[in-house]
1. Taking other Cβ within 10 Å of each residue's Cβ, how do L331, L273, L302 sort, fewest first?
2. Do any trypsin sites (Lys or Arg not before Pro) in the stretch 195-240 lie in a DSSP loop with no more than 14 other beta carbon atoms within 10 Å, and if so, which?
3. Helix-derived [θ] at 222 nm for the chain: sum -39500 (n - 2.57) over DSSP H runs of at least 4, divide by residue count, nearest 500?
4. Would you mind getting me the FRET efficiency between D59 and S81? Use the beta-carbon distance for r and R0 = 22 Å, nearest 0.05.
5. Which order do V301, V45, V138 fall in if you start with the one that has the fewest other Cβ atoms within 10 Å?
6. Cα axis of helix 48-58 to longest principal axis of the chain: angle in degrees, 0 to 90, nearest 10?
7. Arranged by the count of other C-beta atoms within 10 angstrom, fewest first, what order do S265, S270 take?
8. Under 8 Å for C-alpha pairs, at least 6 residues apart: give me the relative contact order for the chain, rounded to a whole percent.
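Please treat every number below as a calculation from the coordinates, not as lab data. Because the structure is a prediction, the values reported are computed rather than measured. Here the Cβ is made from the backbone with ideal geometry for all residues, glycine too, and neighbour counts use every protein chain on show.
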Amino acid sequence: MYGSDNAAGDDSERTAFRKAEKKYKLYYDNSKRKKQPRAVDLSEVIDFKSILESYNRKDEVPAGVFKLPSDFDKPVFCLESRPGFYFIPGALSVEEQRQWITESLASFPQPPNRTNHNAIYGPIENLFDAAKENKVLVEVEQSPGDRLAEIDSVHGAQIAPLWKFSDESNKSCRGDGCKSVLASVLLRKLRWSTLGLQFDWSKRSYNISLPHNKIPEALCCLAKRLAEPAMPPGQEFLPEAAIVNYFALGDMLGGHLDDMEKDWSKPIVSISLGCKAIFLLGGKSREDPPHAMFLRSGDVVLMAQEARECFHGVPRIFTDTESAEINHLELQFSKEDCFPFLDNIRSSRININIRQVF
Ligand SMILES: O=C(O)CCC(=O)C(=O)O
Ligand SMILES: [Fe+2]
């Protein structure tokens, strides 16, 4: 993910954006015997779910918010102070949420899509199944012949050692110094996967020469439909890349801009799944005080035009039963073979953001 707590150095400590991040970030009170999350004042967090409810009931919205006149089948809300920002509460049905959570965990991390684990382990096939089956990723013992074959003839560089899944009960590597890691640990530590044109985090740009598959057709259709309220008239959104972010408790996505796409008149389509989060939408400067808002499973945010220049981030997710607001997903994943999905989503949040790059 982008940036970290203090990515922008000490100066960032003083910006309005940084102050808001610190206000909402998860801290623990260690004073009591039991480690407790520090209480946080959520009174200023915009709640589009209750805005939708009062809009449906009384046709009213709070000051600073308006309902976009649009043909979209759900109400789309905008903020007067942030042109180009659109919020569609509950845009995805419960079934759609289930579908995209399943895809995000079981299919999207599949090679040639890359994940945060690639840099250490190379491509990992079937991570989700391996975690379900209690497998272990083991560094494969290689013969000198294999090692020679691994010298990359073009770059002259040694290719990283190979890792393979093995049954946990397989003791072949015990005590001989070989390295291993549980698949379930890797799944828990999954932080991002990239679909379509691959994003290179080290250069913060798209590397079109990396092998990739097109964005899956069903995700393409969904993104096109969701993008509509923010599209320039007569134009069609072309999904070319997607970043899937996986958040665990305590993770945050630092304030950033998504500015590596060519045409900022096109929206970024951002889908929230799983546990509730707080989203900060700042202005064009980190000094502009950000708006804080809740993001729930099924909500969709569109950022187009001027909003493409606004700093934004996710300082906090909520995993406690009361605040996570994922009861509807418990039912969806209640069958026994769905339990690994439920187990994962109970303590995490997934964000799929889809982009037109060119
Ligand atoms: O997680 C979110 O809702 C926002 C993600 C985001 O801003 C990004 O990946 O660029
Ligand atoms: Fe972003």
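1. So the residues, fewest neighbours to most, are L331, L302, L273.
2. K203, R204, K214
3. On the way: 11 runs with 83 residues, N = 358.
The per-residue figure over the chain is -6000 deg cm²/dmol.
4. On the way: r = 22 Å, r/R0 = 1.01.
The formula returns an efficiency of 0.50 here.
5. So the residues, fewest neighbours to most, are V45, V138, V301.
6. The helix 48-58 is inclined about 30 degrees to the chain.
7. Numbers: S265 13, S270 23.
Ascending number of Cβ neighbours within 10 Å: S265, S270.
8. Dividing the mean separation by the residue count of the chain yields 23 percent.
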